[in-house]
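Below is one structure, written out as structure tokens; the observations come after it.
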Amino acid sequence: MSLKYLQHAARIANPLTVVEQITYLLFIKRFDEIEKKREAKLKLKSQEAGKALFGEDQQESRWSRFKDVAPQRMGSSPSSRGSTGTPPS
């Protein structure tokens with residue numbers, strides 16, 4: 001996919017906004033990968049997790065969960081979806 005296609009598909013006027021969003025998604029994906037490796041290593045050693053990169057209230061922001069969110073819900077914040085991740089009625 002080209003940057004121009006993504007820009008048009010998302011109806012974004014400024015191409016820098018597309019680059020910024022892609023950069024953020026790559027960052028959050030890598031951040032989650034690092035956390036998963038750390039969690040697996042600690043589980044293997046049967047140690048306590050200690051200070052997590054993602055707090056309990058930030059679990060929906062992890063790439064592994066975020067990537068499965070429907071596009072219609074992407075614009076709403078996790079807190080507005082409630083603790084179960086479903087949109088409020």
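Considering only residues that are more than 20 Å from the chain's Cα centre (by Cα) and either surrounded by 13 or more Cβ atoms within 10 Å (Cβ to Cβ) or under 14 Å from Phe66 (Cα atoms) (or both), which ones fall in segment 8-44?
Result: Ile12, Leu42.
What helices (runs of 4 or more DSSP H), lying completely within the chain, carry at least 2 residues that are modelled with pLDDT of 70 or more?
Here the list reads 3-9, 15-44, 63-66.
The values are calculated or read from the model by the stated rules, or taken from the named source; none is laboratory data. Quick caveat: nothing in here was measured; it's all calculated off a predicted structure. Cβ atoms come from the backbone with ideal geometry, glycine included; neighbour counts cover every protein chain shown.
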